[in-house]
Structure formats: structure tokens, C-alpha cells
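One structure is given here, and the rest of the page talks about it.
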Amino acid sequence: MEEYAKSIHDPYFQPKTEVSMVTGHSLASRVWVPGPVIVGAGPSGLAAAASLKNQGIPVLILEKTNCIASLWQNKTYDRLCLHLPKQFCQLPFMPFPKDFPTYPSKQQFLAYLEAYAKNFDLNPVFNTTVVKAEYDGGCGLWRVQTKVTEYVCRWLVVATGENAEEVVPKIEGMNEFSGPILHSSSYKSGDCFENMNVLVVGCGNSGMEVCLDLCNYNACPSLVVRDSLHVLPQEMLGRSTFGLSMWLLKWFPVRVVDRLLLLASHFLIGDTNRLGLNRPKLGPLELKNVSGKTPVLDVGTLEKIRSGGIKVYPGIKRLACNTVEFVDGRMEKFEAIILATGYRSNVTTWLKDTNLFSKNDGFPTKPFPEGWKGDCGLYAIGFTKRGLLGTSMDAAKIAEDIACQWNTDTKHFKPLRHLPA
Ligand SMILES: Cc1cc2nc3c(=O)[nH]c(=O)nc-3n(C[C@H](O)[C@H](O)[C@H](O)COP(=O)(O)OP(=O)(O)OC[C@H]3O[C@@H](n4cnc5c(N)ncnc54)[C@H](O)[C@@H]3O)c2cc1C
């Protein structure tokens, strides 16, 4: 500990070659970072970085992959557009270009993020996975470890996202199924599924849209709907359903807004229960608040279900060579399965001993809007289950909070420097 403290405060101090507590390999270097270390260069990491830089605070962003917004670059399908209107998805200080449509395409969103990073001169360190981060109470600093470097800093901002790892359910007979089984994160388009019977498991926004895409490529998709869900039209009365909900919430309590939304939905898209999509007992906004479950915004899938282009099935009992047996006893032949079964946080795999994040699911333990700040300079951004709007809210609070400490305590810190290993 003494060596460690010396190495932080004395630039001429030569510590013995250090062995990573994580990998067992020698650490090539230890780096003192005067400002916050941000883990993840998705929209949240970029938003946090821009907001901090706007306060005059230098940041270091560590990113596992070789690009910004890797989720959007590598793990999304071609036809994806933002589900919410652009004004609810913009990052701090930079609106979307005026000539972008209300729901920018994935390519437009990525172009916006590239421009955002350039505008704020954000230069993440790519191909750098944080394998462990731990608060060192002895010196009151965070030790953030990658395979080769230990970064030492006072503030740690976790921006690794709600979608860090794919959730792949275990289904009986999975190994026996003869066709491909892929997660929706690997699905690009229905191009290679033409004329195939494809089973899509999971009916969130992704599952519903993958089905629609498959229809457009002349595949025959079926959808597994295990739980109840709310489907709402993407727009109502010429306004986005999301925008309308936000506006109504200014005037009415959540239950009243839910009633209005359900009434309008019934009028516009009919009774979804009749299509095998049963509505939960709680209304869409109340359910979102209680469980984080997002209502599906329909972009045309319901029409295909109604016309028989997409069949709906209940949960899967087991798979066999080329058949799927459902819990209601039906058996059907399928040639491919796409798992639109969502994602999980990876925070618990690398962040040690904090009470900001739950050990169970890697999400903040405190409910929204309290989950952005932990103890000892730890922050979370992008874990609100409220998409990019939640990200912007977190970014503002984090930047303000760190700025208060930065301005009072750390004026004397020098810029980032490499310490000898
Ligand atoms: C298909 C899809 C559509 C969506 N559409 C919308 C929408 O329309 N509107 C909206 O508001 N939200 C939408 N979302 C929600 C989505 O979560 C956000 O858009 C956004 O990507 C979240 O940004 P993030 O930076 O928090 O997480 P991510 O985009 O997941 O970025 C996290 C980054 O952290 C990196 N990382 C992870 N672990 C480590 C590690 N150990 N070390 C270093 N780096 C690491 C990852 O490589 C990644 O680049 C959508 C999500 C999906 C999956």
C-alpha cells in the first residue's frame, strides 16, 4: 500500500513490477487520471464526457470495442430507427440536425454520435476492457484495471449500459434443433431468411420489428408471446405517443394518463387481446414505473398479425430437430429461431463491492431518479430504463456534482501522466 501511494504521488518513484490482481499478468503501467474515468463509449459515456468537459473537467473514456456506440454499430438490425422522436433522444448541448426525420435511422443516429464526439473532442481509448474496478479506501481513490494498465482516479463513471450482454434463455432441446438459433443482436435483415419459417422469441420492440422485417423479406415469421404486454401506436392524434404521454403527465396523474392512452389505443389499433397479445393489469406508464417494462410502440407489426402474416404462439415447451412444441401442446416446424430476449447489465462482473449497483441484476439499487450517484466518487449513467432521455438527465447531474468537487478540491492536479511500471 505504501508503494502504491508513493507511486501515485511521486512521479519519480519506481515501483516493483506489479502483478494484476485480476489477470495474474504484469501490469505494463499505472496511470494517474486527474479527472473522472468513464467506462463505456456508448451514448451515455459520450454524454457524460461532453457534460464534464463543458464544466472544464478533463475525462478519460475507456471502451471495450474499437468504436463509439458499439451497440448501435454492431448489434442492431439494418432497418432500425430511433423508437422515440429525436428531441427525446438528443444528447446534452447538441440537438439533431434539423433536416433529420422525426425518427432518425440507425445510420443517422450514428452520424450524429460521430459528430458529437468530434464536436466535444472526445477521444475514447478503444479496445480497452475494464476487467476490474475497486475503491481503495486506503488512499481514497478508484483503481480501474484493464489487462495491461491500472488507472487511478478519484471519480468513476459507469456507462457500460443496460444492454451490455445478450440474454440467451435455456430452452429444452436447444442442442437438438437443426436450424440456426441466433440472438437478435446478430440479426441484420431478413435477407437470408426468404421463404423460411422463422420463430421469433420475445415480443419487445426488437422482436416485433424483426417479425415485420422478416415479412418484408418474404419469410414466414411466428412470434412467441409468453407474457402480457402493452402495445401502443407509435403516434396518436398526429403526435408521438411518447411525447403526448409526457405532455399529459404534466396535467394528470399517471393512472389517468394510462386510461387515456389505452382508450386511444383501443380506438386506433383495436383490442390486442384478440391477437394473442394480452394487456397487463397495470397501465403502460404505471407498469414502466413499477417494473421498467417498456410498452411496445407499433410500427406496423400488428397489421401483419391481424392479416395472418405473423402467427402468435405462447411459450415454448421444448425444441426438437426441426420442430417446436409450445406450452399449449401445439407442435410446428421451424427452420430458424431468433431470440429477441433482451440484454443484461455487466456491471457485477467487473465493479467490486459497491452498494450503488445490485449484485442481482447490475442495475442501481435506488429507484429513479436517485440511482445516478453512489459513494466515494462513483456514478452511474444510462441505467434509468428511460433510454436516452434518462442518459441526458444523469449526465447533467453527474457533471454538476463532480464540478463542485473539482472546483474546490483539485485545482492543483496536473494533466494525465504515465507513471513508470
Ligand atoms: C435495438 C435498440 C433500440 C433502441 N432504441 C432506442 C431509442 O429509440 N431511444 C432511446 O432512448 N433508447 C433506445 N434504446 C436504448 C439504448 O439502451 C440506448 O439507445 C443507448 O444505446 C444506451 O446507451 P449507453 O451508452 O447507456 O449503452 P450502450 O450503447 O450499450 O454503450 C455501452 C458501451 O460500454 C462498453 N462497455 C461495456 N462493458 C465495458 C467494459 N467492461 N469496459 C469498457 N467498455 C465497456 C460497450 O462496448 C458499449 O460501447 C435502444 C436499444 C436497443 C437495443
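All of the numbers you see were taken from the coordinates with simple rules; none came from a lab. Since this is a predicted model, take the numbers as computed values, not measurements. Note that we place each Cβ from the backbone using ideal geometry, even for glycine, and neighbour counts take in every protein chain shown.
For segment 167-339, what is the charge dipole size about the Cα centre, in debye to the nearest 20, if Lys and Arg each add +1 at the Cβ and Asp and Glu each add -1 at the Cβ?
Values: 19 positive and 17 negative charges, 130 e Å.
The dipole of segment 167-339 has a size of about 620 debye.
Looking at the P(r) of the chain, how many percent of alpha-carbon pairs lie beyond 42 Å? When all Cα pairs of the chain are counted, 21 percent exceed 42 Å.
Put simply, the amide H of M94, placed in the peptide plane, has no neighbours under 5 Å, leaving out anything fewer than 5 places away on its chain. Restricting attention to segment 192-267, which trypsin sites (Lys or Arg not before Pro) occupy a DSSP loop and are surrounded by at most 11 other Cβ atoms within 10 Å? Qualifying residues, ordered by number: K250. In the chain, helices alone account for a calculated mean residue ellipticity at 222 nm of -8500 deg cm²/dmol, with every DSSP H run of four or more residues adding -39,500 (n - 2.57).
In whole Å, what is the distance between the alpha-carbon centres of segment 214-291 and segment 33-47? Segment 214-291 and segment 33-47 have Cα centres spaced 34 Å from each other. Listed values for segment 217-226 are Karplus-derived 3J(HN,Hα) couplings in whole Hz (6.51 cos²θ - 1.76 cosθ + 1.60, θ = phi - 60°), namely 9, 6, 8, 10, x, 10, 10, 8, 10, 8, and x replaces Gly and Pro. Taking 15 Å as the cut-off, the amide N atoms of segment 282-326 that come nearer than this to a point 7 Å along the Cα-to-beta-carbon line of R259 belong to 282-286. When you filter the GluC sites (Glu not before Pro) in segment 301-409 for DSSP loop state and at most 12 other Cβ atoms inside 10 Å of their Cβ, you are left with E370.
Rounded to the nearest 10 degrees, the inclination of helix 254-269 to the longest alpha-carbon principal axis of the chain is 40 degrees.
Pairs of Lys residues in segment 56-173 that lie 8 or more places apart, or on two chains, and have C-alpha atoms under 26 angstrom apart add up to 18.
In debye to the nearest 20, how big a dipole does the chain give about its Cα centre with +1 on each Lys and Arg Cβ and -1 on each Asp and Glu Cβ? Don't jump to the answer; show the numbers that get you there.
Values: 45 positive and 40 negative charges, 115 e Å.
Magnitude of the dipole: close to 560 debye.
Between helix 43-54 and the chain there is an angle of about 40 degrees, using the helix long axis and the longest principal axis of the Cα atoms. From least to most packed, judged by other beta carbons within 10 angstrom and beginning with the fewest, W155, W251, W142 follow the order W251, W142, W155. Maximal additional length on extending the R318-K147 stretch stands at 57.5 nm, based on 0.36 nm per residue less the C-alpha distance.
Given in Å, the Rg to one decimal and the Dmax to the nearest whole number for the Cα atoms of segment 227-386 are 19.5, 57. Since only I338, V254, F193 are under comparison, the one whose Cα sits farthest along the positive direction of the charge dipole of segment 167-339, derived from C-beta charges on Lys, Arg, Asp and Glu, is V254.
If you wrap a convex hull around the Cα atoms of segment 178-300, how much volume per residue is inside, in Å³? Can you show the working numbers first?
Values: hull volume 15.1 nm³, N = 123.
Convex hull of Cα atoms, per residue: 123 Å³.
Backbone N atoms of segment 141-170 closer than 15 Å to the 7 Å Cα→Cβ label point of K366 belong to residues 158. If only the Cβ of Lys and Arg carry +1 and only the Cβ of Asp and Glu carry -1, the dipole of segment 120-241 around its Cα centre is close to 300 debye.
Please identify every one of the trypsin sites (Lys or Arg not before Pro) in segment 86-179 that sits in a loop by DSSP and has no more than 16 other beta carbons within 10 Å of its own beta carbon. Spell out each step's value before the answer.
Values: sites: K86, K98, K106, K118, K132, R143, K147, R154, K170; in loops: K98, K147, R154, K170.
Within segment 86-179, the qualifying trypsin sites (Lys or Arg not before Pro) (loop, at most 16 other Cβ atoms within 10 Å) are K98, K147, K170.
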